[in-house]
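Working notes for the structure below.
Bear in mind that the values in this text are calculations on the coordinates, not laboratory data. Just so we're clear, the structure is a prediction, and the values are computed from it rather than from any experiment. Ideal geometry is used to build each Cβ from the backbone, glycine not excepted, and the neighbour counts take in all protein chains shown.
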Amino acid sequence: MSAHDRTELFSISDEVADAVASGLPVVAMESSGVAHGLPYPMNLETALDMHKAIRAGGAVPARIGLFGGRFVIGMSDAMVERFATTPDLPKVSTRDIGPVLASKGPGGTTVSAALVAAARAGIEVFAVAGIGGVHFGAQHSFDVSADLIEFTRHRVVTVCAGAKTVLDPALTLEYLETQGVPVVGYRCDDFPAYYCVSSGRPNPRRTDDMDELAASVRLHWEAGNRGGFLVTHPIAEQDALPSEHIYALIREKQAEAEREGVSGPAMTPRILSAVSAATQGRTAEANRSVLLSTSALAAEVAVAMSRHGA
Ligand code: PSU
Ligand code: MN
């Protein structure tokens, strides 16, 4: 059977399907960040370096995207390159899945849409630099990422450096608490903020022990919970950006975008690219660093999870 005939809708690469079937560690990733997160060719190099970091940690990388009317789980390097060079690749979050599949066009999955496919494929660990969450001013805009909703729906562990710096960390953590999604800092006290070490808020919990972490996840699920689990770990200190300066810049860029009428899914990419321009690309370097470090940690988590059985 070729990699593309396993099912109509889910095209799982042979390597990923075999690893899942054998209980070997697999780490899933989104593809929206490949298209919208970094400039070419840095986006391509970083995406492929994430795959290498996951392999070096002993797990199989599974990049997820939409292509030709299917969910592709375990995108080839060539397909990643295609996504990295497609201008205006549609950003696919949960609500967009059906329409973009029907269009048969390509789509970069956000964490939300990629989690739907990862769970369906039986992948238990997901890596991303910064999750989507509750935006500053959400009391008025109602802008809450679908990522948070999908964390409540799937038994997948997401390893991240907290929420993107454009988000309100306090409101994001409140939402996760309400929905019963555990947030555990691995060897860190503070809930990180993507390219800043700290969001200024603590992680609700911390553990320094990988086996205890894997056991916590298994027990969360064995107890009957159907949702996900967040593991956080910050960007390396030497690559991090100063949080006061970045938060001030983000407030300024969000206000500018709002004045220009930007809203909805365009908001996150818009603020991130404005901040990147204002920092002469320093956020791009930081983004690369944190994508690689969360990928490496996600592989460790996947290895520990597979030791702890399904
Ligand atoms: N990385 C970026 N820009 C992005 C994203 C990642 O540099 O836009 C995507 C991620 O896939 C994340 C999503 O899941 O943005 C969150 O967007 P929203 O707030 O619209 O749900
Ligand atoms: Mn949004």
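Points to keep in mind about this one:
- Restricting attention to the chain, close to 30% of DSSP beta bridges with both partner residues there are antiparallel.
- Each of THR172, THR178 has some number of other Cβ atoms within 10 Å of its Cβ, and from fewest to most they run THR178, THR172.
- Whether region 10-307 is rounded, prolate or oblate, judged on the alpha carbon gyration tensor where a/c under 1.5 counts as rounded: rounded
- Assigned charges on the beta-carbon of Lys, Arg, Asp, Glu; region 10-307 dipole about Cα centre (debye): 580 debye
- Packing here is the average count of other Cβ atoms within 10 Å per residue, and on that basis the peptides 155-165, 186-196, 267-277, highest first, run 155-165, 186-196, 267-277.
- Amide H contacts of VAL60 (H built 1.01 Å from N, in plane; Pro and chain starts excluded): VAL26, VAL27 sit under 5 Å, all sequence-distant by 5 or more or on other chains.
- Whole-angstrom gap from region 85-113 to region 115-131, using each part's C-alpha centre: 16 Å
- Counting charges near ALA113 (Lys, Arg +1; Asp, Glu -1) among other residues having Cβ under 15 Å from its Cβ returns a value of +2.
- The calculated FRET efficiency for ALA102 paired with ARG307, based on their beta-carbon distance and R0 = 51 Å, is about 0.80.
- Separation of the GLN179 and ASP211 label points, Cα + 7 Å toward Cβ, nm: 3.3 nm
- Computed from backbone phi, the HN-Hα couplings of region 295-310 come to 5, 5, 5, 4, 4, 4, 5, 5, 5, 5, 5, 6, 4, 8, x, 8 Hz, rounded to whole numbers (Karplus: 6.51 cos²θ - 1.76 cosθ + 1.60, θ = phi - 60°; Gly and Pro given as x).
- Gained length - ASP77 relative to GLN139, 0.36 nm times residue gap less alpha-carbon distance: 18.2 nm
- Shown in residue order for region 103-108 are the 3J(HN,Hα) couplings computed by the Karplus curve 6.51 cos²θ - 1.76 cosθ + 1.60 at θ = phi - 60°: 6, 6, x, x, x, x Hz (x for Gly and Pro).
- Approximate spin-label separation ARG155-ARG95, in nm, with each point projected 7 Å along Cα-to-Cβ: 3.0 nm
- Relative contact order computed over the chain (Cα-Cα under 8 Å; 6+ residues apart), in percent: 20 percent
- Rounded to the nearest 500, the 222 nm mean residue ellipticity of the chain from helices alone is -14000 deg cm²/dmol, with -39,500 (n - 2.57) taken per DSSP H run of at least 4 residues.
- Extended-chain gain in nm, criterion 0.36 nm per residue less alpha-carbon gap, ARG187 and ALA21: 56.6 nm
- Remark: relative contact order (region 6-137) = 33 percent; criterion is Cα-Cα distance under 8 angstrom and separation of 6 or more residues.
- Note, ³J(HN,Hα) from phi for region 59-66, Karplus 6.51, -1.76, 1.60, rounded to Hz, x at Gly and Pro: 10, 9, x, 10, 6, 10, x, 10
- Sorting LYS104, LYS253 by the number of Cβ atoms found within 10 Å of their own Cβ, with the fewest placed first, yields LYS104, LYS253.
- Neighbour-count ranking [beta-carbon atoms within 10 angstrom, fewest first] of GLU177, GLU150, GLU237, GLU300: GLU237, GLU177, GLU300, GLU150
- Cut-off 20 Å (backbone N to label point 7 Å along Cα→Cβ of ALA170), residues of region 142-158: 142-145
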